[in-house]
Amino acid sequence: MHIQEGQSLKSMNTFGIDAKAKYLSIIREISDLETLVKSNLFKEENHLILGGGSNILLTKDYNGLVIKNELKGISLINEDNASVILKIMSGEVWHELVLYCVENNWAGIENLSLIPGSVGAAPMQNIGAYGVELKSVFIELEALHLESGEVHTFDKKACDFGYRQSVFKNRLKEQYFILSITIKLLKKPKLHLTYGAINDTLKLMGKSKPNIKDVSQAVIQIRQSKLPNPSELGNSGSFFKNPIVENEKFKELKLNYPNIVAYPAGEKHTKLAAGWLIEQCGYKGKRYGDTGSHKHQALVLVNYGNAKGKDIWNLALKIQASVKAKFDVDIQPEVNII
Ligand code: EPU
């Protein structure tokens, strides 16, 4: 078990924030983690688990132990005529998994192409895009209980998935290290093409009978056209969640703002497009020092170079206050603020 001190985390978070970790431990084997959680260092220090670092904002140096997940491996657990079951270690890169499955013609996660981050982070917030969520292919996961060192298995029900939610963000927050996930993919695809621009993009690509590779490429094209690439411009995808309001509140807003963008969310609620709300407040494409809201997607906050985490957080608070003042709607960060 090797512990580094005072290491910069700049290359380990997609916002590219230059914050330091008091201690850093890189986990390549489950046994490294088992040794670490029994150590005095682990017991004495606060800890932060990092996967791809694509969903955190470091607002200061981390005064504790950062545990970087590098557990790798994909295994084919079962295969029949209709489906495959795969077990994937949590330190794998999510998008590489998607590409691997698409290459093999295993369908189910093609709409989740190009989502930044690691496999272990996917169940934490039940990642979703273009009408598909991880939940739809999920079978189970294994996670190490940090206090007892025991490995526990969670099926879909036990994960309690919701919109960008799971039990690991709520009741069991910070109690587990996810080791692997198991998913089931189909050999005969059920394509999800209804969301947003997918169909239009496929038409432009000349694909009247798309396969999963075409869908994956369409999603990649759409994402690349509006979401900045973190290796070129630091960002963490959507900074806020789309707020869910009661239908009554939505009706009231619609009267004043007929163009408001919204989607039904169950019988009594409506989900509002936070990007639209933020754009209406005048932030889209505006730069403040080295931070700002992205020109193609107001929901994405960016680091133009040397922004501090604090600068980005201050802008987020300003945006939150403007949306509240203009629409009387609360928007909450999707990104974890550290
Ligand atoms: N919109 C604006 N102005 C903007 C941005 C959006 O008016 O600056 C409006 C547009 O009408 C657009 C609608 O909002 O059609 C929805 O925008 P988009 O399709 O980009 O989706 P989103 O609701 O903003 C969500 C996820 C994204 C995911 C996309 C596609 C959340 C918080 N975000 O964004 O996920 O890629 O849908 O499924 O649910 C992420 O989580 O990091 C992420 C990027």
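Pair-distance distribution of segment 20-110: all C-alpha pairs, bin width 5 Å, starting at 0; shares per bin in whole percent are 3, 11, 19, 18, 14, 12, 9, 8, 5, 2, 0.
GNM remark for the chain: springs join alpha carbons under 10 Å apart, and the peak mean-square fluctuation among Tyr263, Tyr100, Tyr130 falls on Tyr263. From least to most packed, judged by other beta carbons within 10 angstrom and beginning with the fewest, Ser75, Ser118 follow the order Ser75, Ser118.
Taking amide H atoms as placed 1.01 Å from N in the peptide plane, the amide H of Asp61 lies under 5 Å from those of Lys20, each 5 or more residues away in sequence or on another chain.
Taking every pair of Cα atoms in segment 225-324, average 1/r, invert it to obtain the Kirkwood radius, and report Rg/Rh to two decimals. Radius of gyration over Kirkwood radius for segment 225-324 works out to 1.02. For the chain, a simple Cβ point-charge model (Lys and Arg +1, Asp and Glu -1, everything else neutral) yields a dipole of about 1140 debye relative to the Cα centre.
Considering only Leu86, Ile139, Asn104, and ranking their Cα positions along the charge dipole of segment 26-180 that arises from unit charges at the beta-carbon of Lys, Arg, Asp and Glu, the one farthest toward the positive end is Ile139. Distance between the 7 Å Cα→Cβ label points at Glu150 and Asn46: 2.9 nm.
With the charge dipole of the chain set up from +1 on Lys and Arg Cβ and -1 on Asp and Glu Cβ about the Cα centre, the Cα lying farthest toward the positive end among the listed residues Gly237, His192, Ile278 is that of Ile278. Across Asn256, Asn105, Asn247, mean-square fluctuation computed from a Gaussian network of the chain (C-alpha pairs under 10 Å connected) peaks at Asn256.
Over the residues of the chain, the helix contribution to mean residue ellipticity at 222 nm works out to -7500 deg cm²/dmol, using -39500 (n - 2.57) for each DSSP H run of at least 4. In terms of surrounding Cβ atoms within a 10 Å radius of their Cβ, Ile222, Ile181, Ile30 rank from fewest to most as Ile30, Ile222, Ile181. Comparing segment 3-69 with the 2.2 N^0.38 Å rule of thumb, its C-alpha radius of gyration ratio is 1.05 (two decimals). Computed 3J(HN,Hα) for segment 151-164, one whole-Hz value per residue from the Karplus formula 6.51 cos²θ - 1.76 cosθ + 1.60 where θ = phi - 60°, is 9, 10, 9, 10, 7, 4, 5, 5, 6, 6, 5, x, 5, 6, glycine and proline marked x. For segment 74-186, a simple Cβ point-charge model (Lys and Arg +1, Asp and Glu -1, everything else neutral) yields a dipole of about 400 debye relative to the Cα centre. When both bridge partners sit in segment 42-116, DSSP labels roughly 55% of those beta bridges antiparallel. Neighbour counts of other Cβ atoms within 10 Å put Ile212, Ile85 in the fewest-to-most order Ile85, Ile212.
Projected over every direction and averaged, the convex hull enclosing the alpha-carbon atoms of the chain yields 17.8 nm². Could you sort out which of Lys72/Lys135; Lys226/Lys308; Lys226/Lys295; Lys241/Lys324; Lys184/Lys241 sit more than 18 Å apart by Cα distance in this structure? From the list (Lys72/Lys135; Lys226/Lys308; Lys226/Lys295; Lys241/Lys324; Lys184/Lys241), the Cα-Cα distance tops 18 Å for Lys72/Lys135; Lys226/Lys308; Lys184/Lys241.
Counting pairs of alpha carbon atoms under 8 Å apart in space and at least six apart in sequence, what relative contact order in percent does segment 1-118 give? This gives 23 percent for segment 1-118.
Rounded to the nearest Hz, the phi-derived 3J(HN,Hα) couplings of segment 12-28 under the Karplus curve 6.51 cos²θ - 1.76 cosθ + 1.60 (θ = phi - 60°) are 10, 9, 6, 6, x, 7, 8, 9, 9, 9, 4, 10, 9, 10, 9, 9, 10, where x marks glycine and proline.
Since every read-out is calculated from the coordinates, none of them should be taken as a lab result. These numbers were taken from a predicted model, which means no experiment stands behind them. Please note: Cβ atoms are built from the backbone with ideal geometry, for glycine as well, and neighbour counts cover all protein chains shown.
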